[in-house]
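First the structure, then my questions, so here it is.
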Amino acid sequence: MTDMLSRPGARDGGSHQAPGPAQPDATAPTKPVIVSAVIGAGACLLTGLMTCAAVAVIGWLAAAFGGASGAVRAGATVWLVAHKAGATLGDARLTLAPLGLTLFFAWCLYRGGRFTARVSGADETKDLAVAAGVLAGTYGLGALIIALLASDGAVKVSPVTAFLGAATLALIAGTAGILVESGAAEDIADATPQGLRDVVPAAAAAVLTIVATATLLYAVLLAVHFSRVTSMLELLDAGVVGSVVLFAICLALLPNVILYAVAFLAGPGFQLGVGTTIAPTGVDVGNLPALPLLAAVPADGATPTYLLILTALVPLAAGAMAGLVVARRGLTAEDSDVLGWDAFALRGAIAALLAGIVLLILMLVSGGAAGPGRMAEVGVPAAVPAAGVLVAAMAIGAAITAAVIAARRPQPTV
C-alpha cells in the first residue's frame, strides 16, 4: 500500500515528493501502532463521556434533586445507550439510541482512526489491521468497564452488549479513518472496477436525496404545527438551564425522527408507541410525550393527499439522481464506448439496491424501547417492507435515467 510518509501532499496540500525511496524524516511519527491505537481510543472515550456527563450535570443543576454522582452515572448510561447497549431501569427498558450522539461518537472515532494512522505511520496491510483491531477492542473494552461501573441497583446495563455495540461502531468509523489517512482507501478505490466505483457515489446520492427530502418534509410540518412547540415549552416551563438540556435532547434525537420521516415517505410509516401508526394512509397515535421534536406529527385521522403523492415521487426522484450520477461518471470512463445502455441501467439498479440496504440499516438502528408501557416500542416496525418499496422505486428511476442518458449519447464517428 502507499506509504503515507512519502505522500504528504495528499493530506496537507504540500508538494509531492519525486518518485523514489522515501528520504529519512526527523519529524516522522515513531509511536508503535498499538500505543497509537490505544491513545486514539482513549481520547474518543473521554470525549464522548465528558460530553454526556456535562449535559447530565447541567440537567441535575436545573432539576435540583439527586446527587452529582447520579448525574454522572446517568450521563454514562446515555453514552452506553447511544452505542445500542440497552439499559434496564426498574421495569422499563431503554434501547432507543439517540443517533445524533451516535453520529458524534462515530465522527470522534473517525478522527481517532486518522490520528492512529498518522502518528504510527502505519502503511502495510498487517499494521492497518492491527491498528483497526486494537482501536475497536480498546474502545469496546472501555464500554464494558463503563457498563459495569454505571450499573447499580436501579440501572442495569449488559456489559456484553456494551462491548459489542461500542466495538462495532469503533471498527466501522475507526477503520474508515485509518484507511483514509494511510492512503489505503485510495489504493482500494484504484483496485475497484470502474462499474463499482460508479455505483457507490450513485447510491450515496440516492440516500442523500431521500434523507434531504425527509428533512425538508419534517421542517415544513414542524413549521405548520409550530404553535404546538410553543404550547409544549410553556407546559414544560423548563427555564434557561432546562431549555438547554431539552435542546440537547431534541438535537440528539433529530436523526431518529428524520429516519422516521424516511419510513413515512416509503409508505409503511413508523410508530411512537405500542399500537400507534403514523403513515401516509392515516395516523393513529393518540397522546404523545411533551417533546417539541414530536410537534410535527400529524393529528389523528387521514393525512393530506400530497403526502401520498410524495411516497411515489420521492423514491423515483432519488433513483433518477442515482442514475444521473452513474451515467455521468460512466460516460467519462475510457471504456464507455463499449458499454451499452443496458450496462448503465444495471449499474443504476445496483446503486438503488445498495442505497436501500443503507436505508434499511439506518431505519433498523433508529428504533427501540423508550420507556415502560406504551413507549416500549418506538421506531419502524416494517423497516424491511419500507426498504423494499424504496429499492423498487429507486431501481426504476435509476435504471431508466441511466439507460436514457446512455442511449442518447453521441455516437463516435468512423
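What's the number of the condition THR215 fails, among (1) open to solvent by 20 Å² or more (accessible area, probe 1.4 Å); (2) more than 25 Å from the chain's Cα centre (by Cα); (3) hydroxyl-bearing (Ser, Thr, Tyr)?
(2)
Could you please find all residues in region 109-137 being buried (at least 24 other Cβ atoms within 10 Å of the Cβ) and either in a helix (DSSP H, G or I) or within 21 Å of the chain's Cα centre (by Cα) (or both)? Reasoning before the result, please.
So in region 109-137, the residues buried (at least 24 other Cβ atoms within 10 Å of the Cβ) come out as 109, 112-113, 116-117, 120, 122, 131-132, 135-136.
Residues satisfying the conditions are LEU109, GLY112, GLY113, THR116, ALA117, SER120, ALA131, ALA132, LEU135, ALA136.
Kindly indicate whether ALA167 is within 29 Å of VAL262 (Cβ to Cβ), free of Cβ contacts under 8 Å to residues at least 40 places away in the same chain and crowded, with 20+ Cβ neighbours inside 10 Å.
The answer is yes for ALA167.
Please enumerate the residues belonging to region 179-229 that are touching a residue at least 40 places away in the same chain (Cβ under 8 Å) and assigned to a loop (DSSP other than H, G, I, E, B).
GLY183, HIS225
Considering ALA43, ALA54, ALA76, ALA62, which residue is open to solvent by less than 40 Å² (accessible area, probe 1.4 Å) and either modelled with pLDDT of 85 or more or not in a loop (DSSP other than H, G, I, E, B) (or both)?
Only one candidate passes the filter, namely ALA76.
Can you say whether PRO381 is open to solvent by 30 Å² or more (accessible area, probe 1.4 Å) and not in a helix (DSSP H, G or I), as far as the supplied structure shows? Working first, answer last.
Values: open to solvent by 30 Å² or more (accessible area, probe 1.4 Å): yes; not in a helix (DSSP H, G or I): yes.
Spelling it out, PRO381 is indeed open to solvent by 30 Å² or more (accessible area, probe 1.4 Å) and not in a helix (DSSP H, G or I).
Out of ALA82, ALA106, I need the residue that is within 13 Å of the chain's Cα centre (by Cα), at pLDDT 80 or above and open to solvent by 20 Å² or more (accessible area, probe 1.4 Å). Which one?
Working: ALA82 fails: open to solvent by 20 Å² or more (accessible area, probe 1.4 Å).
That would be ALA106, the only listed residue that is within 13 Å of the chain's Cα centre (by Cα), at pLDDT 80 or above and open to solvent by 20 Å² or more (accessible area, probe 1.4 Å).
Name the residues in region 280-298 that are open to solvent by less than 30 Å² (accessible area, probe 1.4 Å), in contact (Cβ under 8 Å) with a residue 24 or more places away in the chain and among the small types (Gly, Ala, Ser), would you?
If the condition is that a residue be open to solvent by less than 30 Å² (accessible area, probe 1.4 Å), in contact (Cβ under 8 Å) with a residue 24 or more places away in the chain and among the small types (Gly, Ala, Ser), then ALA295, ALA296 are the ones that fit.
Rundown of residues vs (1) within 30 Å of ALA82 (Cα to Cα); (2) at pLDDT below 85; (3) open to solvent by 60 Å² or more (accessible area, probe 1.4 Å), yes/no style:
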position: ALA327; (1), (2), (3): no, no, no
position: ASP335; (1), (2), (3): no, yes, yes
position: GLY340; (1), (2), (3): no, yes, no
position: ALA345; (1), (2), (3): no, no, no
position: ILE361; (1), (2), (3): yes, no, yes
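With the condition kept exactly as written, say whether any residue in region 292-305 is part of a loop (DSSP other than H, G, I, E, B), modelled with pLDDT under 85 and hydrophobic (A, V, I, L, M, F, W, C).
Yes, that holds for at least one residue.
Out of region 218-235, which residues are buried (at least 17 other Cβ atoms within 10 Å of the Cβ) and charged (D, E, K, R)?
Residue satisfying the conditions is ARG228 alone.
The values are calculated or read from the model by the stated rules, or taken from the named source; none is laboratory data. Computed from a predicted model, the values in this text were never measured in an experiment. For neighbour counting, all protein chains shown are included, and Cβ atoms are generated from backbone atoms with ideal geometry for every residue, glycine included. These accessible areas exclude ligands, DNA and RNA; they are computed on the full protein's heavy atoms, side chains included. Shrake-Rupley method; radii C 1.70, N 1.55, O 1.52, S 1.80 Å.
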